[in-house]
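Student: Here's a structure for you.
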């Protein structure tokens, strides 16, 4: 089974989400996790919160990768990054409702193509509406203890599997961390199918 671990705050995961269907050519199970929670478990932090020069270099790299992939120009949310707990709970609910991929793609487009800050609930609910979900149900679900626990459990399970960041593609015991590893994951998958 192929799994795709992501968080809506990650522009690298956005790049992967927009390409995964054509690069892997095999269905992947999309697994929303809370990157902030994963950072707490691993003792790490986001590159985007560190040195200003490193942040600018990273953002320019993402913009270049988006151009190279034929994606729309990146419009950065302001501020970015911020707190995506509400957004990731909404994502967890969307998957429970069978509309997870649609919601995720809409939310990523709102964030990195439209510049919407997904820390603001109304932006998340607009993406939910665009994905065909009832915004009122989505908003209510973000406070549901079962949804909160499901997101915590998914994050813990990812950590136990060895996931240290997003995007990560998991194929069996092999983990491919980073948008730049998507083609490696596809090659690994082809080699497994050819064996």
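The values are calculated or read from the model by the stated rules, or taken from the named source; none is laboratory data. What you see is a predicted model; the values in this text were computed from it and never measured. Please note: Cβ atoms are built from the backbone with ideal geometry, for glycine as well, and neighbour counts cover all protein chains shown.
Student: Taking the condition of being free of Cβ contacts under 8 Å to residues at least 24 places away in the same chain and assigned to a strand (DSSP E or B), how many residues in the range 13-41 meet it?
Tutor: 0
Student: Name the one entry in 74, 147, 164, 169 that is in a helix (DSSP H, G or I), in contact (Cβ under 8 Å) with a residue 12 or more places away in the chain and in contact with a helix residue (DSSP H, G or I) (Cβ under 6 Å, 6 or more places away or on another chain).
Tutor: Answer to the selection: 147.
Student: Moving on. Restricting attention to the range 167-174, does a residue exist that is surrounded by fewer than 22 Cβ atoms within 10 Å (Cβ to Cβ) and in contact with a strand residue (DSSP E or B) (Cβ under 6 Å, 6 or more places away or on another chain)?
Tutor: yes
Student: Identify all residues within the range 104-136 that are part of a helix (DSSP H, G or I) and touching a residue at least 40 places away in the same chain (Cβ under 8 Å); write none if there are none.
Tutor: Of everything in the range 104-136, those that are part of a helix (DSSP H, G or I) and touching a residue at least 40 places away in the same chain (Cβ under 8 Å) turn out to be 104, 105, 107, 108, 111, 112, 113.
Student: What number of residues within the range 27-44 satisfy the criterion of being farther than 17 Å from residue 108 by Cα and either at pLDDT 95 or above or touching a strand residue (DSSP E or B) at 6+ places or on another chain (Cβ under 6 Å) (or both)?
Tutor: 2
Student: Looking at (1) free of Cβ contacts under 8 Å to residues at least 60 places away in the same chain; (2) surrounded by 12 or more Cβ atoms within 10 Å (Cβ to Cβ); (3) in a helix (DSSP H, G or I), which one does residue 91 not meet, given that it meets all the others?
Tutor: It is condition (1) that residue 91 fails.
Student: Could you give me the residue pairs with C-beta distances under 8 Å whose first residue belongs to the range 46-66 and is closer than 23 Å to residue 83 by Cβ, whose second residue is not in a helix (DSSP H, G or I) wherever it lies, and which are 6+ apart or on separate chains?
Tutor: These pairs meet every condition: 46/81; 48/80; 48/81; 49/81; 59/74; 59/76; 62/74.
Student: If you check residue 101 against the conditions, is it more than 16 Å from residue 147 (Cα to Cα), in a helix (DSSP H, G or I) and without any contact (Cβ under 8 Å) to a residue 60 or more places away in the chain?
Tutor: No.
Student: Also, quick follow-up: Working carefully through the options 71, 118, find the one that is more than 19 Å from residue 145 (Cβ to Cβ), surrounded by 20 or more Cβ atoms within 10 Å (Cβ to Cβ) and out of contact with any strand residue (DSSP E or B) (no Cβ under 7 Å at 6 or more places or on another chain).
Tutor: From the options 71, 118, the qualifying one is 118.
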